[in-house]
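The values are calculated or read from the model by the stated rules, or taken from the named source; none is laboratory data. Bear in mind the structure is a predicted one, so any value in this text is a computation, not a measurement. Every residue, glycine as well, gets a Cβ built from its backbone with ideal geometry; the counts of neighbours run over all protein chains shown. Heavy atoms of the whole protein, side chains included, go into the accessibility calculation; ligands, DNA and RNA do not. Shrake-Rupley method; radii C 1.70, N 1.55, O 1.52, S 1.80 Å.
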Amino acid sequence: MSGRLEGKVAIITGAGSGIGRATAKLFADEGAKVIAADLDNADETAAEIGAAARGYTADAAEEDSVRRLVRQAQEHFGGLDIFFANAGISGGLKGIFDQTPEDWQEILRVNLIGPWLAVKHAAPVMKERGGGSIICTASVAGLRAGAGGPAYSASKAGVISLIETACAQLVGSNIRVNAICPGLIETGMTAPIYDWAKQAGTSDKIGQLNPLQRGGEPVEIARAALFLATEESSYVNGHALVVDGGLSASHPCRRLAYGATAF
Ligand code: NAP
């Protein structure tokens, strides 16, 4: 299928790498005009796409920058239909006793204040246009512990709460607000995990905790974002879509416990 986003304009943050870059390319392939924003490498993404995209160096968690991105979508492409608030940072691997208030502030700023600013500045413009779709990248780390550091997990739980609140507050606007909760995906953020496994000769162990027994590819999250961006998800609102190979479907248990079958 192609042309599913024909005539639509999308802003994508964190578009210089990983999930954001894969989504920018997929949205453009489907006919969208794309504002690709990142702290760096946004221009490379836009150059790979061509005339359908413009790259902007922008801090997705800084209010003026977000306001400017929305204006650029209007000026260059005539409006805004989709905002994929995807930029995020892991904040490293420090635990509760080692993180500082500054660590927490920066992680919450990028991962949670960024998506809120997207809602705040995209919604009025989308309302004028008769509707739109706002998609925020949360994480399985926002569902329960074990997939990120303390501040990262709290920030992603906050994103899930944000989309619920925003969806309720945008009543009557025809703007849908949803989140995606990726599991382990091979991107810049998880490169240390993949590199470490390569060095240790344990690459085949990556993703073994989920029933599909593999890590995910950025395009597998991009496809979920495409679904939420199009009218195919016209009745999906205030939902956190888990895309994790089944990782979060189960409590930790011994494999083959409770009648699971070995194929
Ligand atoms: P990635 O390859 O590191 O991409 C994230 C991009 O966001 C990077 O280019 C990063 O730039 C950019 N960025 C960071 N802070 C920014 C800011 N303030 N303003 C604008 N851009 C900023 O990682 P990814 O995995 O694709 O991450 C995308 C989203 O998925 C994040 O929200 C992440 O939390 C979420 N996620 C990822 C996974 C996974 O397994 N990969 C799982 C669950 C959720 P720099 O490189 O310069 O920092």
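Only one entry in Gly246, Gly238 is in contact with a Pro (Cβ under 9 Å, 6 or more places away or on another chain) and away from the ligand (no atom under 11 Å from the Cβ), namely Gly246. Taking the criterion of being open to solvent by 20 Å² or more (accessible area, probe 1.4 Å), within 15 Å of the ligand (Cβ to nearest atom) and part of a loop (DSSP other than H, G, I, E, B), the residues of segment 1-46 that qualify are Ser17, Leu39, Asp40, Asn41. Inspect all residues belonging to segment 166-174 and state whether any of them is in contact with a strand residue (DSSP E or B) (Cβ under 9 Å, 6 or more places away or on another chain) and of a type in the set (Val, Ile, Thr). The answer is no; no qualifying residue exists.
Taking first residues from segment 16-35 that are over 17 Å from Ala73 (Cα atoms) and partners that are open to solvent by less than 30 Å² (accessible area, probe 1.4 Å) and away from the ligand (no atom under 12 Å from the Cβ), the Cβ contacts under 6 Å between residues at least 6 apart in sequence or on separate chains come to Leu26/Leu226; Glu30/Leu5.
When segment 167-198 is filtered for residues that are within 20 Å of Leu247 (Cβ to Cβ), without any contact (Cβ under 8 Å) to a residue 12 or more places away in the chain and more than 10 Å from the ligand (Cβ to nearest atom), the ones remaining, listed by number, are Pro192, Trp196, Ala197.
Selection of segment 91-142 for residues being surrounded by 20 or more Cβ atoms within 10 Å (Cβ to Cβ) and among the polar types (S, T, N, Q) yields Asn111, Ser133, Thr137, Ser139. Scanning segment 47-90 for residues that are surrounded by 14 or more Cβ atoms within 10 Å (Cβ to Cβ), assigned to a helix (DSSP H, G or I) and among the hydrophobic types (A, V, I, L, M, F, W, C) yields Ile49, Val66, Leu69, Val70, Ala73, Phe77.
Criterion first (away from the ligand (no atom under 15 Å from the Cβ) and out of contact with any strand residue (DSSP E or B) (no Cβ under 7 Å at 6 or more places or on another chain)) does Gly95 satisfy it? Yes: the conditions hold for Gly95.
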